[in-house]
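The values are calculated or read from the model by the stated rules, or taken from the named source; none is laboratory data. Since the model is a prediction, treat every value here as computed from it, not as a measurement. Heads up, the Cβs are rebuilt from the backbone with ideal geometry, glycines too, and the neighbour counts pull from every protein chain shown. For accessibility, only protein heavy atoms count, side chains too; no ligands or nucleic acids. Shrake-Rupley method; radii C 1.70, N 1.55, O 1.52, S 1.80 Å.
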Amino acid sequence: CDEEVQEMKTAYLKRRDYMQTALEKIGFSMTQPKGAFYLFVKVPEFLGLNDEEFCIELAETAKVGTIPGSYFG
């Protein structure tokens with residue numbers, strides 16, 4: 001199943017890179033992940049929300065599920 005695993009890895013990285021570029025264009029910042037397919041994004045100050053408030057707002061308005069970074073310590 002090595003071929004299938006490589007295809008999944010490629011798809012996840014493509015999605016991650018797409019999201020990183022799109023979020024940076026609208027004012028978000030983050031570090032480039034080195035071994036993950038997820039992003040750890042800093043909520044821009046101009047939004048006036050902490051990470052938990054932002055995640056709730058995003059879930060309620062855009063129906064997108066995220067987890068606040070503060071939950072990880």
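Would you work out what percent of the accessible area of the chain, with all protein chains in place, is carbon or sulfur (probe 1.4 Å)?
The C+S portion of the solvent-accessible surface of the chain is 59 percent.
For region 51-63, backbone phi angles converted through the Karplus equation (6.51, -1.76, 1.60; θ = phi - 60°) give residue-by-residue couplings of 5, 5, 4, 4, 5, 5, 4, 5, 5, 6, 8, 10, 6 Hz, Gly and Pro being listed as x. Give me the percent relative contact order of the chain, please, defined on Cα pairs under 8 angstrom at least 6 residues apart. With pairs under 8 Å counted, the relative contact order is 18 percent.
Per residue, the solvent-accessible area of the chain (1.4 Å probe, heavy atoms of protein chains only, all protein chains present) comes to 83 Å². For the chain, the number of Lys pairs with C-alpha atoms closer than 23 Å, counting only pairs eight or more positions apart or on separate chains, is 10.
Using 0.36 nm per residue and subtracting the Cα-Cα separation, the extra length available between Ala59 and Phe46 on full extension is 2.8 nm. Across region 64-73, computed HN-Hα scalar couplings (Karplus, 6.51 cos²θ - 1.76 cosθ + 1.60, θ = phi - 60°) run 10, x, 9, 10, x, x, 4, 5, 8, x Hz from first to last residue, x flagging Gly and Pro. Simple rule: put +1 on each Lys or Arg Cβ and -1 on each Asp or Glu Cβ in the chain, find the dipole, and look at Ala22, Leu39, Asn50; the Cα lying farthest toward the positive end is Ala22. On the beta carbon distance between Ser29 and Val5, with R0 = 30 Å, the FRET formula returns roughly 0.45.
Among the chymotrypsin sites (Phe, Trp or Tyr not before Pro) in the chain, those placed in a DSSP loop whose Cβ has at most 14 other Cβ atoms within 10 Å are Tyr38, Phe40.
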